[in-house]
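The values are calculated or read from the model by the stated rules, or taken from the named source; none is laboratory data. These numbers were taken from a predicted model, which means no experiment stands behind them. Please note: Cβ atoms are built from the backbone with ideal geometry, for glycine as well, and neighbour counts cover all protein chains shown.
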Amino acid sequence: MANIEIRSVSKEFKTGKVLDRISLSAEDGEIVAIFGPSGSGKTVLLRLVAGVEQPDEGRILLGGRDVTDQAPETRSVGMAFQNFALFPHMSAFDNVASALTAHKVPRDIIRAKVEKVATLLKIEHVLGHAPRELSNGQKQRTALARALVAEPKILLLDDPLRNVDAKLRYEMRLELPSLLKASGSTVLYVTQDYKEAMALGDRIAVLSDRDFAQIARPAEIYGGPATINVASLFGDPTINLMPVEPLASSAGQKIGIGGAALSLPPGYAHMAGKPCVLGLRAENIFVEDTASPESVPVEVVAVTPLNERTLLLLRTNDGREILASEAGTNEAPRRHGAAFARFDAESVLLFDPASGRRIAPQAA
Amino acid sequence: MSEAALTIKSVDKIYEGRGKGPVHAVKNLDMDVQRGEIVALLGSSGCGKTSTLRMIAGFEEVTRGDIVLEGRRVNQMPPARRKVAMAFEGYSLYPPLTVRDNIAFALKSARTSAKDVQRSVADVAHILEIEPILDRYPSSISGGEQQRASLARALVRQADLYLLDEPMGQLEPRLRAVLRGRLKSLLVDRRMTAIFVTHDQTEANALADRVAVMEGGVLQQFASQKDLRERPANLFVATFVGEPPMNVFEARVSNGDRVQFAIENGPTLDFSDSEVSAKVRSAIGRREKVVIGVRPHAVRLGVGSGDARVVSNQWLGDQSHLAMEVAGKLMVAVSHAPIPAKVGEHLQFGVSASDLHVFDVSTSEALSHGLEAA
């Protein structure tokens, strides 16, 4: 067993409270992505688990053992932090191998293990170099290799791809999960990139405002974000948010946008007459040339390709700006001007404007 | 519309380095920009895009060749006389003036009526969402706000050409997506001719009618984003443009009764005579080796003669990225729906002849795209 349990942990610095009674548990072999904007306390959390910082209150259990008062070196935790912390007088190879030499592993096994992890991280060609001869991306991967090679039961990774260039970063995003799974480690993986969090995490813990706003599987967070803030942190382009006020009608709850009345899915009767924030993702808006029931007349203001999608900036009669995105890259010019937007009612999200929390539909 | 606003003729830029040897930053560049056209100079740092922009603006001397603006050769003309509006680094806001006065400054000196100045400033401030900072001084606003203020100052001017350096660089994603749309709409509505520099292909594709891809001081291809995607001129463009980039493999080719591409230590893509056009067969000719490429969105899964192990399968909310191991390399497939495949399992894949790109193995130049010769 090497699970992680963080129980109601708080940490305060002179500048203020960073973490306020947060709890998180990671199962044996699970990868939990800790995601949040910079300054949200992600690194502090890792440092608490590593034992480099002490919590003001709360307990930390690793593999069922309370380690809150234990020294870092007794916790069997592997780490790769942002400040690479490589030994400057050792080659990249020796830096990686240093994680094993302390454990009296035979030389040929050390060499095989180091080379294997170096190949996966694409640094095999620079193993003979000293740290000062490495680029930042290579330093970061060397530090990551050192953390991985010892196959620690618990692995803490602090934004390990941050300084890696975009292309390599993308490749690593594809390859890291199987590498981490193969190590069998339980992993806390800090990142500021929502795509990385979704790609790598079995679950994502979204850290915001000193606490976890949501801890769930990637698809659950994307499809059912707990708050407006979480909804805005996931998705490219960012989710459309607009103030609305559902009205009761004979055919269920409706919301008015740009002169059209749209039906809400069942379960929102309790929201009639109350101001809400409507959240609608760009890919759930369909732009069509002809009107259909419940479509909203819009003006297509701009058509901009976004990878293999096309992004449309729409303006409604009541002046709202909405981003829609379509799969494929239909050629642009004909699409400017008047059109109709149809919303996928099933994917509509409603939030409470005061608390920012998502309003769940109620069972009939 | 077919009148050139700008012609760049055989332009070289060589910087005489101190101590070090000279640096050839731009090599024999030929480019035409039409009136009303929006053009992006796209490339990584050091590719020559910024040197090109600065030569057009007049901040850098042209080493060889000519720059012709609206029919006038401007090589020796000082920047202020070129009728060019600029928003870029090193051309910062005047610190003693408020943002409003900075934007209005260029208009006032052109003897515009006070009412028109006021309206132009209000319009552009609304579009770029800088109304709240109009009465503040440059030193008290953020980098992203300075960038937008500088962009606004360029856009209100009457000019033959607008030169913009990374216009949306420092903005948060939501604002960037919306402002890109508004900026494009403004440029198109007013039929402004604009050239902007960026290292971000999303920005280039979003704003530009045509994109000039530069690398090593050399213009690699100058085309619409559709052509860059469907007809990349060479392997550099093929693997630089597109997110994720094109999958490419070296393959032995046999161009006989059937057309076969055998990837070393990997599968063979096998096409019948009727699948591959005669034009493509003659473009490949008698080559023994070529590089073949397929875009991640065009990889067909579950069918075909290829067999590969799934390395990862990642759902990002609106698209899936599936990585497979093929011939010791990663091959990526992207789909707008979730892909039902587990890590470790084997999956068949195929490429239809209409999605296959073929490149010369030594020159890297494109030979064919789909069913057409390059």
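State yes or no: is residue B:12 more than 29 Å from residue B:191 (Cβ to Cβ), among the acidic types (Asp, Glu) and either crowded, with 22+ Cβ neighbours inside 10 Å or within 24 Å of the chain's Cα centre (by Cα) (or both)? So residue B:12 passes the test. Within region A:133-175, being closer than 19 Å to residue A:4 by Cβ and either within 14 Å of chain B (Cβ to nearest Cβ) or assigned to a loop (DSSP other than H, G, I, E, B) (or both) holds for A:150, A:151, A:152, A:153, A:159, A:160. Applying a threshold of 8 Å to beta carbon distances and a minimum spacing of six or more residues, or different chains, the list of pairs starting in region B:342-354 at a residue that is within 20 Å of residue B:293 (Cβ to Cβ) and ending at one that is aliphatic (A, V, I, L, M) and exposed (fewer than 15 other Cβ atoms within 10 Å of the Cβ) reads B:348/B:303; B:349/B:303; B:350/B:303.
Of all residues in region A:228-244, those that are more than 10 Å from chain B (Cβ to nearest Cβ) have Cβ atoms under 6 Å from Cβ atoms of residues that are basic (Lys, Arg), 6 or more apart or on another chain, in A:242/A:320. Cβ-Cβ distances below 9 Å connect the following pairs, each with a first residue in region A:159-170 that is more than 18 Å from residue A:40 (Cα to Cα) and among the aliphatic types (A, V, I, L, M), a second residue that is surrounded by 16 or more Cβ atoms within 10 Å (Cβ to Cβ) and modelled with pLDDT under 80, and a separation of six or more residues or different chains: A:161/A:137; A:164/A:137; A:168/A:137. Return the residues of region B:303-315 that are among the hydrophobic types (A, V, I, L, M, F, W, C) and surrounded by 22 or more Cβ atoms within 10 Å (Cβ to Cβ); say none if nothing qualifies. The one that is among the hydrophobic types (A, V, I, L, M, F, W, C) and surrounded by 22 or more Cβ atoms within 10 Å (Cβ to Cβ): B:308.
To keep it simple, each residue is scored yes or no on (1) surrounded by fewer than 16 Cβ atoms within 10 Å (Cβ to Cβ); (2) hydroxyl-bearing (Ser, Thr, Tyr).
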site	(1), (2)
A:137	no, no
A:141	no, no
A:144	no, no
A:160	no, no
A:164	no, no
A:167	yes, no
A:170	no, yes
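Residues that are more than 10 Å from every other protein chain (Cβ to nearest Cβ) and touching a residue at least 60 places away in the same chain (Cβ under 8 Å) within region B:188-201 comprise B:191, B:192, B:193, B:194, B:195, B:196, B:197, B:198, listed in sequence order.
When residue B:347 is tested against (1) more than 14 Å from every other protein chain (Cβ to nearest Cβ); (2) out of contact with any Gly (no Cβ under 9 Å at 6 or more places or on another chain); (3) closer than 18 Å to residue A:177 by Cβ, exactly one condition is not met: (2).
All of A:321, A:326, A:294 fail the test of being within 14 Å of chain B (Cβ to nearest Cβ), touching a Ser or Thr at 6+ places or on another chain (Cβ under 7 Å) and surrounded by 13 or more Cβ atoms within 10 Å (Cβ to Cβ), apart from A:326.
Only one of the numbered conditions (1) under 14 Å from the mean Cα position of the chain (by Cα); (2) of a type outside the set (A, V, I, L, M, F, W, C); (3) surrounded by 22 or more Cβ atoms within 10 Å (Cβ to Cβ); (4) outside any strand (DSSP E or B) is not met by residue A:237, and that is (1). Just one of the listed residues (A:308, A:283) is closer than 17 Å to residue B:318 by Cβ and out of contact with any strand residue (DSSP E or B) (no Cβ under 6 Å at 6 or more places or on another chain), namely A:308. Scanning region B:37-56 for residues that are surrounded by fewer than 21 Cβ atoms within 10 Å (Cβ to Cβ) and more than 17 Å from residue B:16 (Cα to Cα) gives B:37, B:44, B:45, B:53. The sole residue among B:204, B:177, B:238 that is of a type in the set (A, V, I, L, M, F, W, C), facing chain A (nearest Cβ under 8 Å), buried (at least 21 other Cβ atoms within 10 Å of the Cβ) and more than 24 Å from residue B:82 (Cα to Cα) is B:177.
Residue count for region A:176-186 satisfying the condition of being more than 10 Å from every other protein chain (Cβ to nearest Cβ), surrounded by 18 or more Cβ atoms within 10 Å (Cβ to Cβ) and not aliphatic (A, V, I, L, M): 3.
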